[in-house]
Amino acid sequence: MRYEGECMEYPRFLTPDSKPFDPLELAKKTELIVTRKGPEGLERKYTGFYSVPVYRGIATGYAVGCCLRCIYCWSNWSRDFPERFGKFCSPKHVAEKLLRAAEEGIKSDRWRRLIPEVDKLRLSGCEPTIGKEHLLAVLEHVHRSNFLFILETNGIILGNDRNYVKKLAEFKDKIYVRVSFKAATPEGFTLRTGAIGKYYELPFRALKYLLDEGIHARAAAMTDPRVMPSEERKLLIQMLDEIDPKADYPKTLEEESIDAYDTTIARLKAFSDKKFARKLEDKIRKRQKL
């Protein structure tokens, strides 16, 4: 892929030919695509802002671009082709959009009857910690509101940058961080995310850093037996329990299972079928740029 005059190899969804990549380098490459300097600070790309019923009602901004390539990921194709999707927003604009989405509430009449008021804000979708300056500026804006802010992250960048976590701690009275774990072994990490195995430790380090800084943080994990063996699940829970015994993860871990989103099904098939993977990439590339 050629981007802004610079030749870059950029991994898309995983295929049988995929080679393990450095997720920190991929984070840097992705940041070049999904952020840019603007008159009101560092802008970042998002695909949308609206309220959803999870967390009992939350206004969500969906970020573009990630530093992992999980085979079961539900996110839209902006994860794999960040240059083709999303619109740039300043930190102030993001905060305004989140607050407006919260005020408008959930669009679905059914869910609106069950959750008439939205009282939380969130950044989710791909990896919101890409673009450190942008995220911290967003938090500066929303921190003035009365809303709880939930940050969902894979922990790769935070586990590599304790100073980033220290900066997040400036907002610890209003934020909750959900760290999503993919594996408890280097082999499992590479198989499911495409990243080099040694980096599997970074989410564990991120969770410890967050807790050490007094930030409310908890782990969630993709433990679906179709992708994670039972022995690895036990090891994961043991490792999390050592970091945060008070959480009682053997009883309270938020465990995820694979949902049959169109993107998930396509990524799983591309992971085992080279011919399908080539056709899928061609199809996405031919779409009108959004």
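The values are calculated or read from the model by the stated rules, or taken from the named source; none is laboratory data. The structure displayed is predicted, hence computed values, not measured ones. Every residue, glycine among them, receives a Cβ derived from its backbone with ideal geometry; neighbour counts consider all protein chains shown. In case anyone asks, the SASA skips ligands and DNA or RNA and just uses the protein heavy atoms, side chains included. Shrake-Rupley method; radii C 1.70, N 1.55, O 1.52, S 1.80 Å.
Numbers below:
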| item | result |
| --- | --- |
| Additional length obtainable on full extension of the chain from Tyr261 to Asp109, 0.36 nm per residue less Cα span | 52.4 nm |
| Within a Gaussian network of the chain (alpha carbon springs, distance under 10 Å), most fluctuating of Val64, Val165, Val54 | Val54 |
| Qualifying aspartates and glutamates (Cα of each under 19 Å from Cα of Lys275; at least 8 residues distant if same chain) | Asp17, Asp80, Asp262 |
| Label assignment, Rg and Dmax of the Cα atoms in Å derived from the structure, set [x] 18.5, 52; [y] 18.2, 56; [z] 18.8, 66 | [x] |
| Sum of -39500 (n - 2.57) over DSSP H runs of 4+, divided by residues of the chain (222 nm, nearest 500) | -11500 deg cm²/dmol |
| Selected from Thr190, Thr60, Thr252 as most flexible by GNM, with the chain as the system and alpha-carbon contacts under 10 Å | Thr252 |
| Qualifying GluC sites (Glu not before Pro) for region 105-173 [loop in DSSP, other Cβ within 10 Å: at most 15] | Glu117 |
| Within region 102-210, trypsin sites (Lys or Arg not before Pro) in DSSP loop having at most 15 other beta-carbon neighbours inside 10 Å | Lys107, Arg144, Lys172 |
| q = 0.24 Å⁻¹, region 1-81: log10 I(q)/I(0) [Debye, one scatterer per Cα] | -1.26 |
| Computed over region 70-186, Kirkwood Rh from alpha-carbon pairs, angstrom | 15.9 |
| Stretchable slack from Leu235 to Glu40, in nm (0.36 nm times residue separation minus alpha-carbon distance) | 65.7 nm |
| Exposure rank, largest accessible area first [Asp282, Asp262, Asp173; 1.4 Å] | Asp262, Asp173, Asp282 |
| Computed FRET value (nearest 0.05) for Ala220 with Glu170, which takes r as the C-beta separation and R₀ as 22 Å | 0.35 |
| Whole-Å semi-axes of region 15-54's equivalent ellipsoid (Cα gyration tensor) | 27, 20, 8 |
| For the chain, share of DSSP beta bridges that run antiparallel, in % to the nearest 5 | 40 |
| Value of relative contact order over the chain, rounded to a whole percent, pairs C-alpha under 8 Å and six or more apart | 20 |
| Paramagnetic reach from Lys87 in region 98-125 [backbone N under 12 Å; point 7 Å along Cα→Cβ] | none |
| Spatially proximal lysines relative to Lys132 (Cα-Cα < 20 Å; intrachain offsets below 8 disregarded) | Lys28, Lys29, Lys37, Lys45, Lys87, Lys92, Lys97, Lys166, Lys167, Lys172, Lys174, Lys208 |
